[in-house]
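The values are calculated or read from the model by the stated rules, or taken from the named source; none is laboratory data. Quick caveat: nothing in here was measured; it's all calculated off a predicted structure. With ideal geometry, Cβ positions are generated from the backbone for all residues, glycine too; neighbour counts draw on all protein chains shown. With ligands, DNA and RNA removed, areas are computed over all heavy atoms of the protein, side chains included. Shrake-Rupley method; radii C 1.70, N 1.55, O 1.52, S 1.80 Å.
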Amino acid sequence: MSWTRKSGAALAVCVLLLAGSAGCGSGDAREGVASPSPAGRILEDRDPEGRPFREVGPEEAPDVGIEVQPDAAGGWDVRLTVRNFRFSPAGAAARAVPGRGLAHLYVDGRPVARLRAPEYRLDARLVPRGTHRVTARLYADDATVWAVDGKPVESTADVTSSGPGTGGVTPDAASRRKARTQGTDLGGRGAPERAEAAS
């Protein structure tokens, strides 16, 4: 008889626990109502690869600057300066977290690397003789483009290569200074030159 009472009591406790947990949760969640994204809103605008823009307000937006300098081996050292942004490690969940993600690096509008750190060495073969535009654009981990006022968060520096080999590569004035994302002279977000560089 005692065994029956104990198993009955245990069964009653299990039923109460299950019923209680089904009613738990935040009062904000309602069935069929989607909560707003904590990381901005998706726009119809897309980058050249078709990834949608994720609009955030200027006060919470990440920011990026780029500096490109020739190295001793004939390549280019790229350094990014970020604000309100942290690079996510490889294998991060594919979701947008405010101020997190990676940078995509482009030369003359062509994708060359995905960066999870602020430094990168750009091979000399990717920057042949002439003047080129090196752009860093920030992305969330879900592959959306961070954007402010409908413009991608990016920064561009112009570099001029005078020929192959060491000593034949020199930076122009634009690559000697950090490009600010607000700067219109270097194709930052909102700059009219940005559209020309992508074409």
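Which of (1) hydroxyl-bearing (Ser, Thr, Tyr); (2) open to solvent by less than 20 Å² (accessible area, probe 1.4 Å); (3) within 17 Å of LEU80 (Cβ to Cβ) does TYR120 not meet, given it meets every other one? For TYR120, the failing item is (2).
Out of ARG133, ARG51, ARG137, ARG95, one residue alone is within 20 Å of SER161 (Cα to Cα), at pLDDT 95 or above and not β-branched (Val, Ile, Thr). It is ARG133. Selection within region 149-164: residues that are acidic (Asp, Glu) and either crowded, with 21+ Cβ neighbours inside 10 Å or part of a loop (DSSP other than H, G, I, E, B) (or both). The member of this set that is nearest to the chain's Cα centre (by Cα) is GLU154.
Tell me yes or no: at least one residue of region 61-80 is at positive phi and modelled with pLDDT under 95. Yes, that holds for at least one residue. Residues that are open to solvent by less than 70 Å² (accessible area, probe 1.4 Å) and without any contact (Cβ under 8 Å) to a residue 60 or more places away in the chain number at least 3 in the following strands (runs of 3 or more DSSP E) confined to region 40-105: 76-83.
Checking the structure you have, find out if any residue of region 130-148 is under 24 Å from GLY40 (Cβ atoms), acidic (Asp, Glu), open to solvent by 40 Å² or more (accessible area, probe 1.4 Å) and touching a residue at least 24 places away in the same chain (Cβ under 8 Å). Yes: region 130-148 contains one or more residues that are under 24 Å from GLY40 (Cβ atoms), acidic (Asp, Glu), open to solvent by 40 Å² or more (accessible area, probe 1.4 Å) and touching a residue at least 24 places away in the same chain (Cβ under 8 Å). Considering region 106-117, the residues that are farther than 16 Å from VAL153 by Cα and of a type in the set (Gly, Ala, Ser) include one that is surrounded by the fewest Cβ atoms within 10 Å (Cβ to Cβ), namely ALA117. Being within 13 Å of PRO152 (Cα to Cα) and at pLDDT 95 or above is a property that holds for VAL56.
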